[in-house]
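**Student:** I'd like to ask some things about the structure below.
The values are calculated or read from the model by the stated rules, or taken from the named source; none is laboratory data. Quick caveat: nothing in here was measured; it's all calculated off a predicted structure. When we count neighbours, we look across all protein chains shown, and the Cβ atoms used for this are built from the backbone with ideal geometry, even at glycine. When the accessible area is computed, the model is the full protein with side chains, heavy atoms only, and any ligands, DNA or RNA have been set aside. Shrake-Rupley method; radii C 1.70, N 1.55, O 1.52, S 1.80 Å.
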There are 2 protein chains.
Amino acid sequence: MKYLLQDIRISVSDKIYLKDPESTELGKRIVEHGILLIDKIGFENFTFRKLGHEIKSNESSIYRYFENKHKFLVYITTWYWGWKEYQLVFATNSISDNYKKLEKAIEVITKPVEEDAEFGHINEISLSNIIINEFSKSFLTKEVDEENQDGYFSVYKRLVNRLKDMITAVNAEYPYPSSLASTIIEGTLHQHFLRDHFVSLTDCNASVTPSEYFIHMVESLVKK
Amino acid sequence: MKYLLQDIRISVSDKIYLKDPESTELGKRIVEHGILLIDKIGFENFTFRKLGHEIKSNESSIYRYFENKHKFLVYITTWYWGWKEYQLVFATNSISDNYKKLEKAIEVITKPVEEDAEFGHINEISLSNIIINEFSKSFLTKEVDEENQDGYFSVYKRLVNRLKDMITAVNAEYPYPSSLASTIIEGTLHQHFLRDHFVSLTDCNASVTPSEYFIHMVESLVKK
DNA sequence: ATATTAATGATAGTAACACTATTATTTAAC
DNA sequence: GTTAAATAATAGTGTTACTATCATTAATAT
């Protein structure tokens, strides 16, 4: 399945970038190889200088697109959640039964990216690795309130809210729909991380997916 | 309630520090003011130079205790989980009913630190803020597997396992006890963070605690 | 009380990071 | 073919993350 990038164009505060990286070839190369490089060496070790070297461009050119690497991380993670939101809406749209809809939503959110998933210049496998390993760092900062006010996390928040609404649609009496939605989304990332690095702290493995675990949870908690 | 530090002395790989900070006055001042400074300015902005200035000591002296600030973070977070483990064991020890024991365990894990909690030189309020905002950064690194092997996270893992065992004791048929235990512990931190910065993504607030949310979850999932 | 040792402090130095500014060169647009 | 825009190259600044060396102070042993 191929999408056009425009189809899921994310409406995110343009404060995130100085110049739209989708508007030029260089911009796209920055995003493409930035994702690969962060996946490879980790966000802490990632620098614009190294990225410049990687794409045979110049540090100073990258700074014309993004103020700093933190904003770059916010940009690519926002892109990811916008993409997930698109998948979520697409996959659940035609389902009329509220519980089946919720189940499908969790499936979409928790399922790992397919091996060959790549459209445009974005490698979704690398990007989803980055989400698991680095997403928390985009908001665990002293500037979070300011950036939240500037709309940096609106796409992510919208996604959590969609899930919350689906939970409430199934059972309006369940008292913690927002917490459950955020637990599922953040918890999925955490379970993936544990499966990769702390196997004793999770039941998820090659045969048991976070999907099963959270669907079972939702069934017990909100199914009527 | 006052404890002696020795009582909950954490048995953690001595690879975390170069010189035991509990063994000297300077070491204790490093830990004490390091915690306060990280709470104040955030881990990213924290440096040994700034800490040295704060305690009117020298950068180079701090380096004799900790190789770098990452290891310092691992040290203080390990201390925190060791302290929580102590509280957990102490509070649940005398309870014979398995479900009540589990409930109490969750209470201990999820309840915020009391205002005046401080023993020795450690300010637990600041430390628990650090756990909420910075703990993830201690393991979301490229070195996690290596450090895990070196025992850096053993205290934390032991705590998650204790909770898992309590879950299993209540209901041996529940299929995801490890995942649930890790979800509760990590999820508590996340819900606290959301309450402070993303109120729309959680149901926790001044009157609803993460404790209630997770106890309700456990009740539905594992209570027989 | 003095000599020895250990702990701490002060200073300096290095390489990398996180930028900013300036100028040169290439590419695209009119 | 000229002008403007984008990119590249270079250099520079202040900070970070250390390491090394040496001086000073404090503790301990004789």
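**Student:** For the pair B and A, how large is the buried accessible area, both sides, in square angstrom to the nearest 100, if the probe is 1.4 Å?
**Tutor:** 4200 Å²
**Student:** Full extension from B:Thr47 to B:Glu25: what is 0.36 nm times the residue separation minus their Cα-Cα distance, to one decimal in nm?
**Tutor:** Result for the pair: 5.9 nm of gain on full extension.
**Student:** Here is a further query. Report, for B:His216, each distance to the same residue's label point in the other copies, shortest first and in nm; define the point 7 Å along Cα→Cβ.
**Tutor:** Copy-to-copy label distances at B:His216, shortest first: 2.2 nm.
**Student:** Could you check how much of the accessible area of chain A is carbon and sulfur, as a whole percent, using a 1.4 Å probe?
**Tutor:** 47 percent
**Student:** Tell me, what does the Kirkwood hydrodynamic radius of the protein assembly as shown come to in angstroms if you use every pair of distinct C-alpha atoms?
**Tutor:** Taking every pair of different Cα atoms in the protein assembly as shown, averaging 1/r and inverting gives 23.2 Å.
**Student:** Another question, if that's okay. In the range A:142-173, which residues become less accessible by 50 Å² or more once every protein chain is in place, relative to the chain on its own, using a 1.4 Å probe?
**Tutor:** For the range A:142-173, once contacts with the other chains are taken into account, A:Lys142 lose 50 Å² or more.
**Student:** In nm², what is the average projected area of the convex hull enclosing the Cα atoms of the range B:38-160?
**Tutor:** Answer in nm², one decimal: 9.0.
**Student:** For the range A:150-167, what does the Karplus curve 6.51 cos²θ - 1.76 cosθ + 1.60, with θ = phi - 60°, yield as ³J(HN,Hα) per residue in whole Hz, taken in order and with x for Gly and Pro?
**Tutor:** For the range A:150-167, the Karplus curve yields 7, x, 4, 10, 5, 5, 4, 4, 5, 5, 4, 5, 4, 5, 4, 4, 5, 5 Hz.
**Student:** With a 1.4 Å probe and all protein chains kept in place, how do B:Met217, B:Met166 rank by accessible area, largest first?
**Tutor:** B:Met166, B:Met217
**Student:** Compute the accessible area of each residue in the range A:185-204 twice, once for its chain alone and once with every protein chain present, using a 1.4 Å probe on heavy atoms, and list those whose area falls by at least 20 Å².
**Tutor:** Residues shielded by partner chains are A:Glu186, A:His190, A:Gln191, A:Phe193, A:His197, A:Phe198, A:Ser200, A:Leu201, A:Asp203.
**Student:** Follow-up. Whole-Hz ³J(HN,Hα) for each residue in the range B:210-221, computed from phi via Karplus 6.51 cos²θ - 1.76 cosθ + 1.60 with θ = phi - 60°, x for glycine and proline: what do you get?
**Tutor:** x, 4, 4, 4, 6, 5, 4, 4, 5, 4, 5, 8
**Student:** Here's something else I'd like to know. In whole Å, how far is the Cα centre of the range A:54-101 from that of the range A:165-191?
**Tutor:** Going from one Cα centre to the other spans 22 Å.
**Student:** Quote the charge dipole size of the range A:8-222 about the Cα centre in Debye, to the nearest 20; the model charges only the Cβ of Lys and Arg (+1) and of Asp and Glu (-1).
**Tutor:** Here the size comes out at about 440 debye.
**Student:** Provide the solvent-accessible area of B:His121, counting protein heavy atoms only and rolling a 1.4 Å probe, rounded to the nearest 10 Å².
**Tutor:** Accessible surface of B:His121 is approximately 20 Å².
**Student:** Taking each label point as 7 Å beyond Cα in the direction of the beta carbon, state the distances from B:Lys19 to the same residue in the other copies, shortest first, in nm.
**Tutor:** 5.2
**Student:** Taking square-rooted eigenvalues a ≥ b ≥ c of the alpha carbon gyration tensor, is the range A:106-224 rounded, prolate or oblate, where a/c under 1.5 means rounded and, failing that, a/b exceeding b/c means prolate?
**Tutor:** oblate
**Student:** Shifting gears a bit: Amide H of B:Arg64 versus every other amide H placed in the peptide plane: which residues, excluding those fewer than 5 positions away on the same chain, fall under 5 Å?
**Tutor:** none
**Student:** Helix B:177-197 sits at what angle to the longest principal axis of chain B, using alpha carbons and giving 0 to 90 degrees rounded to 10?
**Tutor:** Here the helix axis deviates by roughly 60 degrees.
**Student:** Counting each DSSP H run of 4 or more residues in chain A as -39500 (n - 2.57), what helix-only mean residue ellipticity at 222 nm follows after dividing by all residues, to the nearest 500 deg cm²/dmol?
**Tutor:** Helix-only estimate at 222 nm: -20000 deg cm²/dmol.
**Student:** If you don't mind, there's one more thing I want to ask. Whole number please: convex hull volume per residue, Cα atoms of chain A, in Å³.
**Tutor:** 136 Å³
**Student:** With the other protein chains left in place, how much accessible area per residue, in square angstrom, belongs to the protein assembly as shown at a 1.4 angstrom probe?
**Tutor:** Computed with neighbouring chains in place, this is 43 Å² per residue.
**Student:** Just to confirm the numbers: B:Asn93, label point 7 angstrom along the Cα-Cβ line, distances to the other copies in nm, shortest first?
**Tutor:** 6.1
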